[in-house]
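So the structure is just underneath, and the comments pick up after that.
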Amino acid sequence: MKKISVFLLILFIISALCVYADDENDAYSTEAGEEIYYYDDFDDLFDGTGKKPFGFGNRYFEMGIKANAYVSNNFLTVGEIFSETIVLDIDKLNKGFKMDLGIGVTPLYFKFDSKKGWGFGMSFLETEATGILALSGKMLSFDEVKDEESDLSGAVFTSVAVDAFFHIQKFKVKIRPAMYYPIAYMETDLLYTFVNNEGTRMKVGFDTKVYTAFALDDAHEQGIAGSPGFDFSFGVEYPLAKEIGLTDKFSFLDFDVGLDFINIPILSSEMKNYMRMYTIIDSGSHDVFDQDGMDDFLSALGKAESDSEFGVGSKTIERPFKMLLHANWRPLNGSQLFTVTPVLGFALSQLYLSPFSLEAGLNGSVNLANFFKATAGINYTDRIWINSIDLALNLRAVEFNIGADLRSQEFLKSWTANGLGLNFGFKFGW
C-alpha cells in the first residue's frame, strides 16, 4: 500500500511538470457512464527540448463497451430497504413518492481520430431502459383534490448512431445522426379524486397502455411492427478565452464554451401493438357520517372494475431532447491537470406529465498525464440529483473506466443513499 501511495505521489508531481498542448474537448458526464463530450487529443506530446514527457496521447483508433445501471427514490435509503424491519414514516407521504430506475448498455462502439482535426465513430445497438414512478402526495395522504395526476411510465430504446467531428476555423463541430427503435413504451393515466361536496366521494382511475415491438398475443400479426425513428445531435465548441485575449492578461482564465443539442427529432418512430390494462375504483357520493352511508362507501371501494385487452393502434414516439451549455475552465494556467466544467440547460421528455425540466451541474476533473483521470460532480439531470465520481485508468492500448454515484429526486436525500448508480467501460486500441 505504501509503494502504491509513493508511486501515485511521484506520478502527480511528474504530471504537474508536463507541458500539454490544448485538449479542446474535455469530457463530462450528465449520467453515470454516459459520455456527452469526447476527447479530441492533445496532439503535441513534446516539450521545448524535443523530449517526450511522461504520459499518453489519445488513441487514433479505439473500440469499446460500456454499461450503467441505477435506481433512486425519495422515501427510503438503500440501508432501510435491505434491513430486517422497514419503518415507514407515513407523514412523509404528503410529499409524494418518486422512484426511477434504469439500465444502459452499448455492446460495441468504435472511434477513429485522424489527428488532423476530424474524426468519426459508430455505436451499435446502444440500448437504454427507463422506468418512472411519481405518485401524488395528495393521493397518498388522502387529501381533498379532483383529478390529481401521477406519473407512471417507461421506455426501452435501441439505436445505431454515427459520430463525427471536424473544425471550421476555431469552431469544433460535432454531429451524431441516429436511427432508433422503441422495443417497449408504457404510458399511464393515473387519476385520483377525493371530494366532500354533497357527500364524500373517492375515485381512483388507472389506465395504462404498453406498446411493444412484437405482438403479445396470438390474435394479431406476429413479427416486428411499427417503424424506426431518426434524430440528430449537434454540438459546437469555441476557445472563447483565447480568442478574445483573456488568457494573455489572466492565464488562469483559460476556458472553452460549448453548446449541444441532443436528440433533435427528425422523424418520429411509430408503434402499433399494445396491451391495455385499466382499473377504476369509484365509491360514489355518500354521507359518511351516517352508518349506512359509511357502509355503502366502504363497500363500493372494494368493488373495482378492471379489465385488460390487446389491440393495434398508432403511437408516435420521440426520444428525450436536451439542450446543454457548458464550459471547460482550466484554472492552472491552461494545464489539463485540472478542469472545472459547469453545465446548464433543459430537457423535454414525453415520459413525464410535465415535459420540461432544467438541467444543471458542476464537475471537476483531475487528469494525470492522460494516464489516470478522476472526475467528481454534482448534477441535476433527468430530474434527479446525482453526486458522482468516475475513475479512468489509461494504459494506452487498453483503458478501464468505473464509476459510482449517490442519487435521489431530492438534493439532501441524494447524500443519504436514497439511490445508487454504477457504471463501467472498457476500451482498447492505439
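Out of all the residues in segment 325-338, is one or more in contact with a Gly (Cβ under 8 Å, 6 or more places away or on another chain), of a type outside the set (Val, Ile, Thr) and under 30 Å from Asp151 (Cβ atoms)? Within segment 325-338 (the criterion being in contact with a Gly (Cβ under 8 Å, 6 or more places away or on another chain), of a type outside the set (Val, Ile, Thr) and under 30 Å from Asp151 (Cβ atoms)), the answer is yes, since at least one residue qualifies.
Within segment 74-86, residues that are over 15 Å from Asp100 (Cβ atoms) sit with their Cβ atoms under 7 Å from residues that are outside any helix (DSSP H, G or I) and modelled with pLDDT of 80 or more, at 6+ positions apart or across chains, in these pairs: Thr77/Thr416; Thr77/Ala417; Thr77/Asn418; Gly79/Ala417.
Test of understanding: among Ala397, Ala404, Ala376, Ala392, which residue is under 17 Å from the mean Cα position of the chain (by Cα) and free of Cβ contacts under 8 Å to residues at least 40 places away in the same chain? Explain how you work it out, then say what you get.
On the way: Ala397 fails: under 17 Å from the mean Cα position of the chain (by Cα); Ala404 fails: free of Cβ contacts under 8 Å to residues at least 40 places away in the same chain; Ala392 fails: under 17 Å from the mean Cα position of the chain (by Cα).
Every option except Ala376 fails the conditions.
Screening the candidates Lys209, Lys242 for the property of being without any contact (Cβ under 8 Å) to a residue 40 or more places away in the chain and either farther than 28 Å from Leu133 by Cα or within 26 Å of the chain's Cα centre (by Cα) (or both) yields one hit, Lys242.
Which residue out of Ile386, Ile378 is surrounded by 21 or more Cβ atoms within 10 Å (Cβ to Cβ), at pLDDT 95 or above, aliphatic (A, V, I, L, M) and under 26 Å from Ala417 (Cα atoms)?
Result: Ile386 is the single residue among Ile386, Ile378 that is surrounded by 21 or more Cβ atoms within 10 Å (Cβ to Cβ), at pLDDT 95 or above, aliphatic (A, V, I, L, M) and under 26 Å from Ala417 (Cα atoms).
Is it the case, given these coordinates, that Glu148 is touching a helix residue (DSSP H, G or I) at 6+ places or on another chain (Cβ under 8 Å) and part of a strand (DSSP E or B)? So Glu148 fits the description; yes. Take the conditions aromatic (Phe, Trp, Tyr), in a strand (DSSP E or B) and touching a strand residue (DSSP E or B) at 6+ places or on another chain (Cβ under 8 Å) and apply them to Phe310. Does it pass? Judged against the criteria, Phe310 is a match. Checked against the criterion of being farther than 26 Å from Thr208 by Cβ, in contact with a helix residue (DSSP H, G or I) (Cβ under 6 Å, 6 or more places away or on another chain) and modelled with pLDDT under 95, the candidates Leu246, Leu253 yield just one match: Leu253.
For (1) among the small types (Gly, Ala, Ser); (2) touching a helix residue (DSSP H, G or I) at 6+ places or on another chain (Cβ under 9 Å), each residue gets a yes or a no:
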site	(1), (2)
Ile90	no, yes
Leu93	no, yes
Phe97	no, yes
Phe124	no, no
Ile132	no, no
Ser136	yes, no
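A quick yes/no check of all residues on (1) farther than 22 Å from Leu152 by Cβ; (2) surrounded by 14 or more Cβ atoms within 10 Å (Cβ to Cβ); (3) more than 20 Å from the chain's Cα centre (by Cα); (4) polar (S, T, N, Q):
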site: Ser306; (1), (2), (3), (4): no, no, yes, yes
site: Ile317; (1), (2), (3), (4): no, yes, no, no
site: Gly334; (1), (2), (3), (4): yes, yes, yes, no
site: Thr341; (1), (2), (3), (4): yes, yes, no, yes
site: Ser349; (1), (2), (3), (4): no, yes, no, yes
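Taking the conditions exactly as written (outside any strand (DSSP E or B) and of a type in the set (A, V, I, L, M)), does Ala374 satisfy them or not? Judged against the criteria, Ala374 is not a match. In the set Leu125, Leu101, only one residue is without any contact (Cβ under 8 Å) to a residue 40 or more places away in the chain, closer than 22 Å to Glu187 by Cβ and of a type outside the set (Ser, Thr, Tyr); that residue is Leu101. Within the option set Leu324, Leu332, being of a type in the set (A, V, I, L, M, F, W, C) and not in a strand (DSSP E or B) holds for one residue only, Leu332. The condition (being touching a residue at least 40 places away in the same chain (Cβ under 8 Å) and more than 30 Å from Ser159 (Cβ to Cβ)) is satisfied by just one residue among Phe255, Phe261: Phe255. Looking only at segment 286-342, count how many residues are farther than 30 Å from Phe255 by Cβ and either free of Cβ contacts under 8 Å to residues at least 60 places away in the same chain or small (Gly, Ala, Ser) (or both). Within segment 286-342, residues that are farther than 30 Å from Phe255 by Cβ and either free of Cβ contacts under 8 Å to residues at least 60 places away in the same chain or small (Gly, Ala, Ser) (or both) number 23.
Taken together, Ser150, Ser123, Ser159 contain a single residue that is over 20 Å from Ser233 (Cβ atoms) and of a type in the set (Gly, Ala, Ser), which is Ser150.
Taken over segment 344-355, the criterion of being out of contact with any Leu (no Cβ under 6 Å at 6 or more places or on another chain) and part of a strand (DSSP E or B) is satisfied by Ala347, Leu348.
The values are calculated or read from the model by the stated rules, or taken from the named source; none is laboratory data. Keep in mind the model is a prediction, meaning the values are calculated, not measured. Counting neighbours? That spans all protein chains shown, and the Cβs are built from the backbone with ideal geometry, glycine included.
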